[in-house]
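Here's the structure, in structure tokens; my notes come after.
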Amino acid sequence: QVQLVESGGGLVQPGGSLRLSCAASGTIFSIYDMGWYRQAPGKQRELVASITSGGSTKYADSVKGRFTISRDNAKKTAYLQMNSLSPEDAAVYYCNADVTTGWGLRRHLYWGRGTQVTVSS
């Protein structure tokens, strides 16, 4: 079994910063892509950023230049540095990871339970 646990969310004023973490644990052989998604009330879940095991990144247009995704493969952890936050960034942020649990086994996508980010003055 694989668990993903997000942390680092909270309340921040507009223009502020937060750093989210996503720690993977359990029976993990390899972690491939990791990603951050968000879902605001009444909206669909959307991709924020993703990162491959080699460090290649992809961002939603709405966060380019403000958010930075990174990962520490040794710690099995992904990060999302969020700067210049606006009320439009408020949402529950979820991480996911594409994982194999053993040699030759299929990859499965796992999700965390999310962490709330609130941007308000």
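The values are calculated or read from the model by the stated rules, or taken from the named source; none is laboratory data. Remember, it's a predicted structure, so these values are computed and weren't measured experimentally. Note: ideal-geometry Cβ built from the backbone for every residue, glycine included; neighbour counts use all protein chains shown. Heavy atoms of the whole protein, side chains included, go into the accessibility calculation; ligands, DNA and RNA do not. Shrake-Rupley method; radii C 1.70, N 1.55, O 1.52, S 1.80 Å.
Observations on the model:
- Listed by position, the strands (runs of 3 or more DSSP E) enclosed by the stretch 45-115 that each have at least 1 residues that are modelled with pLDDT of 95 or more and touching a Ser or Thr at 6+ places or on another chain (Cβ under 7 Å) are 46-51, 57-59, 67-72, 77-82, 91-100.
- Scope the stretch 27-44; condition part of a strand (DSSP E or B), over 12 Å from A90 (Cα atoms) and open to solvent by less than 50 Å² (accessible area, probe 1.4 Å); matching residues: S30, I31, M34, G35, W36
- Scanning the stretch 1-26 for residues that are farther than 23 Å from T100 by Cα, over 15 Å from the mean Cα position of the chain (by Cα) and assigned to a strand (DSSP E or B) yields a count of 2.
- Condition met for Y59 (surrounded by fewer than 20 Cβ atoms within 10 Å (Cβ to Cβ) and of a type in the set (F, W, Y)): yes
- Here A78 fulfils each of the conditions (1) open to solvent by less than 30 Å² (accessible area, probe 1.4 Å); (2) farther than 22 Å from V12 by Cα; (3) in contact (Cβ under 8 Å) with a residue 24 or more places away in the chain apart from (2).
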